[in-house]
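*Asks:* Here you go, one structure.
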Amino acid sequence: MAWLAGFILKLFGWKVEADDITPIKKAVLVMAPHTSNWDFVIGRLALLSRKVPIKTLIKKEAFRFPLGYVLNALGCIPIDRSNSPRTIKSITKQFEKSDHFIILITPEGTRKLTRHWKKGFYFIAQAVEVPIILGFLCYKKKIAGLGPVIYPTDDYGYDLKKIETFYLDKTARYPKNFNLSPMYRPASDDHIE
C-alpha cells in the first residue's frame, strides 16, 4: 500500500516530506490547512506512503451509508461536534487502552473559514501526555508531510504561537478559508490547483 500511495501522489505531482516518527507510539497529529475534501485524500495518501498508522476524527454526519463503511475501514472515528468534552474523554480512553495510537485532528474543525482553531487537539495531548506532530499540506509547492513535534508546555498561547508560526508558509487549496490568528492570516487567493 505504501508504494501505491506514493505512486499516486507522484502521478499528481505531489511530494512527501516527513521526518521519521516511528519511535513515537502515541501522539496527536495535527493536519492543516484544511479547506477542501481533497485534503483528506492527499493527507491520507501521504501518511500511507510513509506507513504512518493513524486514526482520524471525522464528523458523525459523514458516516451515512455507504460512505460510513469506507470511513470505518480507513480507521476513522465519528465525533459529535456539539459535545467537545465527551469527545475529548472518549479519545483519552482510547489512548489509555492502546499501545500504539496516533490520532489525526484538523484543528480548524471545518473546511470553511473559522476565526479560531478548536482547542481539543491540545487538551487531548495534554491530558494523555503525548506530543503533537505537525502535519501539513502545501498546495502551492505540492508538498505533504510531517513537520516538527511539539510537546505541550501547559501554556496554550505560547504553544499555539509556535504551531501557527510553522504553518505561515503553508498554502491551502482555498487560501481565503485558511485561518491562523489575526496576526498570522495570509493574504487571500481564491484557489490553488
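The values are calculated or read from the model by the stated rules, or taken from the named source; none is laboratory data. The shown structure was predicted, so the numbers you read here are calculated from the model rather than taken from an experiment. Positions of Cβ are backbone-derived with ideal geometry, glycine not excepted, and every protein chain shown enters the neighbour counts.
*Asks:* For the stretch 26-39, does any single residue satisfy the condition of being in a helix (DSSP H, G or I), surrounded by 15 or more Cβ atoms within 10 Å (Cβ to Cβ), modelled with pLDDT of 85 or more and out of contact with any helix residue (DSSP H, G or I) (no Cβ under 8 Å at 6 or more places or on another chain)?
*Replies:* Within the stretch 26-39, the subset in a helix (DSSP H, G or I) is 38-39.
Subsequent filtering for residues that are surrounded by 15 or more Cβ atoms within 10 Å (Cβ to Cβ) retains 39.
Filter once more, so that each one left must be modelled with pLDDT of 85 or more: 39.
Pick out the ones that are also out of contact with any helix residue (DSSP H, G or I) (no Cβ under 8 Å at 6 or more places or on another chain) and you get 39.
Yes, that holds for at least one residue.
*Asks:* Suppose we filter the stretch 79-130 for residues that are modelled with pLDDT of 85 or more and either surrounded by fewer than 18 Cβ atoms within 10 Å (Cβ to Cβ) or on the phi > 0 side of the Ramachandran plot (or both); how many remain?
*Replies:* 11
*Asks:* Can you go through Tyr167, Tyr156 and tell me which one is of a type in the set (Phe, Trp, Tyr) and within 16 Å of the chain's Cα centre (by Cα)?
*Replies:* Working: Tyr156 fails: within 16 Å of the chain's Cα centre (by Cα).
Tyr167 is the lone residue from the list that is of a type in the set (Phe, Trp, Tyr) and within 16 Å of the chain's Cα centre (by Cα).
*Asks:* Would you mind listing the helices (runs of 4 or more DSSP H) fully within the stretch 58-163 where at least 3 residues are under 24 Å from Thr22 (Cβ atoms)? Reasoning before the result, please.
*Replies:* Numbers: elements: 67-73, 84-97, 120-128.
It comes to 84-97, 120-128.
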